[in-house]
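What follows is a single structure, written as structure tokens, with notes after it.
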Amino acid sequence: MLSRIAGNLFWMGRYLERTEHISRYAQTHYFFSIDAPKSVEKDHILESVLNMAGSYVEYLDGHGKMETLEVAHFIGLNEFNAGSIKHSVMKARENARGAKDSISSELWQSVNTYYHYVNSMDKATFAQIGIYEFSKKVLEDISVIKANIDNSLLHDEVWSIIHLGQHIERATQVIRMIVTKINDINRIPKKEYYNMLELFENINLLKSTQAYDMCKIYYREVPSISHSLEFLTLNRNFPNSIVYNLRHIENCLMRITNVSRHQTDSLEFYASKLLAMIQYTSLQEIEKEPLAFYHDLLNRVAKLADMLEKKYLQY
């Protein structure tokens with residue numbers, strides 16, 4: 001396979017996954033803004049969404065203050081904001097078009113349909129339907145695209161490279177959500193309602209990662225922060241956990257190379273070593289310095305993506 005085609009497939013997978021997680025985080029925080037106690041300021045919720053998308057500084061540079069509609073539009077439809085849903089959808093379609101001869105017509109049509117829905121949305125219509133209906137449609141379109149990736153493609157190199165992009169991006173976004181929520185909790189004044197607000201933030205994290213119900217079933221109680229960190233980092237059977245995605249990154253790389261042993265400086269060796277390191281990390285080690293742990297992990301996943309780019313995608 002040409003490196004150019006591999007790059008298109010990989011980044012299509014990454015951008016599609018990115019739009020899903022930004023959409024779900026925004027949708028969850030829309031409900032939080034409705035259900036949250038009066039002691040939670042609106043700016044706190046809006047800043048959380050912007051921080052998770054990596055768009056906080058860019059938003060402040062162009063806007064005087066936090067406005068719900070402006071933040072929602074900036075995250076949803078501002079094509080010049082690299083953290084927006086629209087920007088990622090445009091990039092996903094551009095990459096899908098570059099690899100059109102390698103994917104099914106069903107997959108191409110579903111990506112194209114998704115793009116045209118987002119691209120045709122103007123600010124007035126967006127204001128009318130709101131972030132909830134917009135993100136709901138985005139998540140529905142993403143579900144169709146994912147079904148076409150798994151059900152209309154041969155599970156060969158093409159499928160493996162798309163999945164590499166998806167799993168690297170999913171691990172990245174889950175880490176970003178965890179970091180954002182730790183920072184959100186740290187900003188809560190330790191007053192009368194601290195425990196209740198901490199619980200709200202924790203539930204938001206779990207719902208943003210589709211983990212609330214499964215986490216509650218797994219631990220058989222209302223999940224605590226410790227439960228959430230352990231579940232989202234170390235659970236081997238939950239599709240949005242970090243370990244789950246690192247394991248699938250390793251599997252996809254093995255499918256592509258079809259070699260059981262690798263040099264110690266190779267991409268494949270690094271991926272396996274990273275997986276082993278996280279698998280055998282304890283919750284106590286994570287909780288000792290959680291922000292330092294997740295920032296380090298984010299850098300390691302970024303290094304993995306960079307090594308992959310240099311080995312297979314540069315041309």
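The values are calculated or read from the model by the stated rules, or taken from the named source; none is laboratory data. From a predicted model like this one, the values you see are computed outputs, not experimental measurements. Here the Cβ is made from the backbone with ideal geometry for all residues, glycine too, and neighbour counts use every protein chain on show. The protein model used for the area step is the full one, side chains on, heavy atoms only, and it has no ligands, DNA or RNA in it. Shrake-Rupley method; radii C 1.70, N 1.55, O 1.52, S 1.80 Å.
Can you pull a Stokes-Einstein diffusion coefficient for the chain at 4 °C (1.567 mPa s), Rh from Kirkwood over Cα pairs, as a whole number of µm²/s? Answer from the Stokes-Einstein relation: 64 µm²/s.
Here the dipole of the chain is about 380 debye; that uses its Cα centre as origin and unit charges on the Cβ of Lys and Arg (positive) and Asp and Glu (negative).
The lysines whose alpha-carbon is closer than 27 Å to the alpha-carbon of Lys42, local same-chain residues fewer than 8 away aside, are Lys65, Lys86, Lys123, Lys136, Lys137, Lys181, Lys190, Lys191, Lys207.
Measuring r between the beta carbons of Asp265 and Leu153 and using R0 = 41 Å, the FRET efficiency lands at 0.80.
Alpha-carbon geometry of segment 1-156: the Rg and the Dmax are 16.6, 56 Å, given in that order.
Annotation for segment 147-207 versus segment 4-74: alpha-carbon center distance of 12 Å. When all protein chains stay in place and ligands, DNA and RNA are ignored, the 1.4 Å accessible-area order of Lys190, Lys273, largest first, is Lys190, Lys273. For the chain, the solvent-accessible area with a 1.4 angstrom probe is 48 square angstrom per residue. Rounded to the nearest 500, the helix-only mean residue ellipticity at 222 nm of the chain stands at -25000 deg cm²/dmol, with each DSSP H run of n ≥ 4 adding -39,500 (n - 2.57). Sparse packing (at most 15 other Cβ atoms within 10 Å of the Cβ) combined with a DSSP loop state is found for the following GluC sites (Glu not before Pro) in segment 125-234: Glu192, Glu221. For segment 220-226, backbone phi angles converted through the Karplus equation (6.51, -1.76, 1.60; θ = phi - 60°) give residue-by-residue couplings of 6, 6, 5, x, 8, 4, 4 Hz, Gly and Pro being listed as x. For the pair Tyr132 and Asn237, a Förster radius of 30 Å applied to the C-beta separation gives a FRET efficiency near 0.50, rounded to the nearest 0.05. Working from Cα pairs under 8 Å separated by at least six residues, relative contact order for the chain is 23 percent. Each 5 Å bin, from zero up to the one with the longest distance, holds this percent of the alpha carbon pairs of segment 1-93: 3, 14, 23, 21, 16, 10, 6, 4, 2, 1, 0, 0. The Cα atoms of segment 124-242 define a convex hull whose projected area, averaged across directions, is 10.1 nm². As a calculated quantity, the FRET efficiency between Ala292 and Leu60 at R0 = 25 Å, using C-beta atoms, amounts to about 0.45.
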